[in-house]
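Each value in this text was obtained by applying a stated rule to the coordinates, not by laboratory testing. These numbers were taken from a predicted model, which means no experiment stands behind them. Here the Cβ is made from the backbone with ideal geometry for all residues, glycine too, and neighbour counts use every protein chain on show.
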Amino acid sequence: MDAQAQESFRHFVAGRSSALLRTAVLLAGGDRHAAEDLLQNALVKAAGRWERIEEPEAYVRRILYRQQVSRWRLKWRRHEVMVAEPPETEAGHGPDAPAAAELRLVLRGALARLTARQRTVLVLRYFEDLPEADVARILGCTVGTVRSTTHRSLARLRTLAPELAALDGPGEQPSRDFSPVEVRP
């Protein structure tokens, strides 16, 4: 890699690492250490092809998703109880900050209890806001599989974290269709 490409890569890593790490944390079920490993491996792979990559962020995100898919396809999961720690972000301000922080912690804990496949589908659909066809293409499955996995994952998420409905304001009806897209990790 020449000096200009190295500088471009350094600039990309400095500017986009925190956003990519948030995605990796969600994909890893809240395990920050696993997320850091996932991101580091993705960046190493991207560095080797840096001069040929047209859209760096999309390329690195695709590597993240595929590595996570490989993890659950190979059933390379530790059988440990992980403690979810939110990534370091600026402290929220205002009266809604504690409720938003509580919602993020509850959601992250519930996501950690989903299977890796369920978590990956929800992250791609709602955090990355990808259409079903794109998720199917990335995961190498059919659109029907994405739909059924999304449906089952959301149902399981509602079962695992009924307290999410309690976070709605007093007197409000809890929304029937919980959408994790509203939460930024």
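Details
- Counted by Cβ distance under 13 Å from THR159, the other residues give a net charge of +3, where Lys and Arg count +1 and Asp and Glu count -1.
- Rough spin-label spacing in nm, given labels placed 7 Å along Cα→Cβ, for ARG156 and ALA19: 3.0
- In this rough spin-label picture, where each label sits 7 Å from Cα along the Cβ direction, the CYS141-VAL44 distance is 2.8 nm.
- A Förster radius of 25 Å, combined with the Cβ-Cβ distance separating GLN6 from ALA133, puts the computed FRET efficiency at roughly 0.10.
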